[in-house]
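Encoded as structure tokens, the structure appears first; notes follow it.
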Amino acid sequence: MIDALNTKHAFSFSWQIMAAALSGLLLCVPFLDHAYFALAWFAFVPILVVIHHTSLLRSYALGLLMGTICYANGMYWIVDFIIISKGYGFGKSIAIACLYWLYCAHLIALLLVTYRWILSLKKFSTLLVFPILLASFSAWYPMLFTMRLGDSQVEFTPVLQAIEYTGAHGVDVIIGIATILMVHCVDWVLTRIGLNIPVLKAPSLVMTLSGLALLLTWFVVGIYLNQHWTERIAASPSIRLGLIQSNEIPSLSANMSYPGYGLAYPPEMHMTEELVQQGAKLVIWPEGRSKHYLNNTHVREAYHKQIAELGVSLMFHDMHHHRNKKNAQLEGQTSKAIMLNSDGNSSAQYTKIKRIPFGEYVPMSSANSLISDWIKSLFGDFLVETTIGENHEVFEHDSMNIVPLICYETTEPSLVARAVKHAHNTIDHSANFKQLDAKPSLIVALSNDGWFGSSHQPIQHILPSALRAIENRLPLVHVANNGPSIAVLPNGEIHFKADFQKAAGYIVDMPLNGHSEPTFFASHPLLFENIMLLISLVLVSFTAAKKVRARCITPAH
């Protein structure tokens, strides 16, 4: 094997391809099964070892290969989504999915090219450049469905605890540092066994010790905080919640009939009655088809009466449809979370702020522009213009204050942080300051991932909600139409996990202890990633300036 590798260019193109493919597979596996979180720490090692000894163009090609393998496997469910939502055949769905995977793959390709280009100046340490670029590209590269390194570490709670200061992208930096240290170790070993490769310049002793110190500090702080919150949670009061999974089959049709039920008395209301008998103080329904509560007075009055008779608070989701007055054609909608108090009255409503591109709006286009009309014709009935919410809300319950979220809002750390900070500010400036301030807070998210069928996507979406609980140090409940619904403690531990694709009601005794004021991250949600972006721009600008200057002073031949 050594003889095969010991070539003029150190690594033949075939070995470089195998390294890129291995990195892509290592990176995608933890997203498909979070139990293999450790693989993410090694994923970039093979690709970095080989691109240190190749050209920028080849680095780009290898990065594109790694990214395509990673996202095509980690997001294979894009095909299911297109088939279910659009009704396209398998071949056409695969073609569209390939375009999306190729776009996502450019995150890794551009990251590696930028990294190699900056290192070619031989002014900066690999321990500085790669971790910062990794965090910057992960934070700022626009993607419809995200796959962040932090999301793969849900079951490795000690490494997540310090994100209450940095947010999830702090994990990118830590994994980046560990990766570079391993790359240098591998490079050193390869040269010692006789391979003909140029030795990658090792970080200085100061940089190496600094990197090791940061890794050690991150884990020590994580272990301490995890233990601190475990003890704090154990001593906290709890509330009995009722969680309902409808497991509706996804359809563009607004109506679905169930024998023995109707709009005024859906299956969820029947399950609510059973959960109340088991002591539920708050029942939560998931996002799903329109309940017609907002558009039908009869349904609204029926809900109020039934909830008042049950004496329980109810949180659920509904769509307010905007129709043309002349032909009743659907022209738009508003996605809302609604809270009914135990007396049956509507206490508050929250309008969804983070909309799904190409499902709920057309990015960078006005509602009736030529581009918008063309995209609507492409996406058909799946794309319905959804009104954007402007303000965060706080739902009041007798035992707690609730921060409502809808669907993919849980994937936006800064949005969740702003919602939590708004809740704290609302409490602090309320006329009932003392009464409200004594209550704990709970983050509640309502989702519908039925569009992705039996794939792994719902799990990839739901489980990373645990990071939002740690970032804000609040308990979190995420209820999904098709599951798995979860309840998460402030230290990121999954307190409860429901069955996947099962219609059922669940009782959860949820501890309510959490931060009484916003965490550092909740107060400054964009600070860390903006710092990473600023340093990245400085590195790129300095490198560009040096290369331009070197080209200008090079004598002509």
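The values are calculated or read from the model by the stated rules, or taken from the named source; none is laboratory data. Note that this is a predicted model, so its numbers are computed, not measured. A quick note on method: Cβ atoms are made from the backbone with ideal geometry, for glycine too, and the neighbour counts reach across all protein chains shown. These area figures cover heavy atoms from the full protein model, side chains too; ligands, DNA and RNA do not enter into them. Shrake-Rupley method; radii C 1.70, N 1.55, O 1.52, S 1.80 Å.
A 18 angstrom limit on the alpha carbon distance is what I want to check against. Which of LYS123/LYS546; LYS291/LYS352; LYS281/LYS502; LYS122/LYS547 exceed it? Checking Cα-Cα distances, LYS281/LYS502 exceed 18 Å. Just check the range 124-245 against the gyration tensor rule for me: Cα atoms, a ≥ b ≥ c as the square roots of the eigenvalues, rounded for a/c under 1.5, and otherwise prolate or oblate depending on whether a/b exceeds b/c. Cα axes put the range 124-245 in the prolate bin. Length, then width, then depth: along the principal axes, the Cα atoms of the range 502-557 run 80, 35, 9 Å.
P(r) tail, the range 5-91: Cα-Cα pairs separated by more than 17 Å, 55% of all pairs.
Protection proxy ranking of 527-533, 469-475, by the mean of other Cβ atoms within 10 Å over each peptide's residues and highest first, is 469-475, 527-533. Put simply, when 535-541, 125-131, 169-175 are sorted by average Cβ atoms within 10 angstrom per residue, most first, you get 169-175, 125-131, 535-541. The fraction of accessible area contributed by carbon and sulfur in the chain is 61 percent, rounded to a whole number (1.4 Å probe; ligands and nucleic acids excluded). A Förster radius of 45 Å, combined with the Cβ-Cβ distance separating VAL189 from SER454, puts the computed FRET efficiency at roughly 0.55.
Note on ILE96 and SER414: the model spin-label points, each 7 Å out from Cα along the C-beta direction, lie 3.0 nm apart. For the chain, complete DSSP H runs whose alpha carbons reach 30 Å or more along their own long axis and whose mean Kyte-Doolittle score is 0.0 or higher are 90-119, 169-192, 205-234, 527-553.
Centre-to-centre, using Cα atoms only, the range 437-500 and the range 504-557 are separated by 25 Å. Taking each residue as 0.36 nm, the span from ARG549 to VAL220 lengthens on full extension beyond its C-alpha to C-alpha distance by 114.0 nm. The equivalent ellipsoid of the chain has semi-axes of 46, 28, 21 Å, largest first, where each one is the square root of 5 times an eigenvalue of the Cα gyration tensor. Treating each Cα of the range 88-164 as one equal point scatterer and applying the Debye formula with no solvent, the log10 of I(q)/I(0) at q = 0.25 Å⁻¹ comes out as -1.14. Per residue, the Cα convex hull of the range 433-557 amounts to 179 Å³.
Think of a 1.4 Å ball rolled over the protein heavy atoms: the chain then has 43 Å² of accessible area per residue. Of the three principal axes defined by the Cα atoms of the range 13-167, the extents in descending order read 53, 40, 26 Å. Subtracting the Cα-Cα distance of ALA213 and LEU56 from 0.36 nm times their residue separation leaves 53.3 nm of extension gain.
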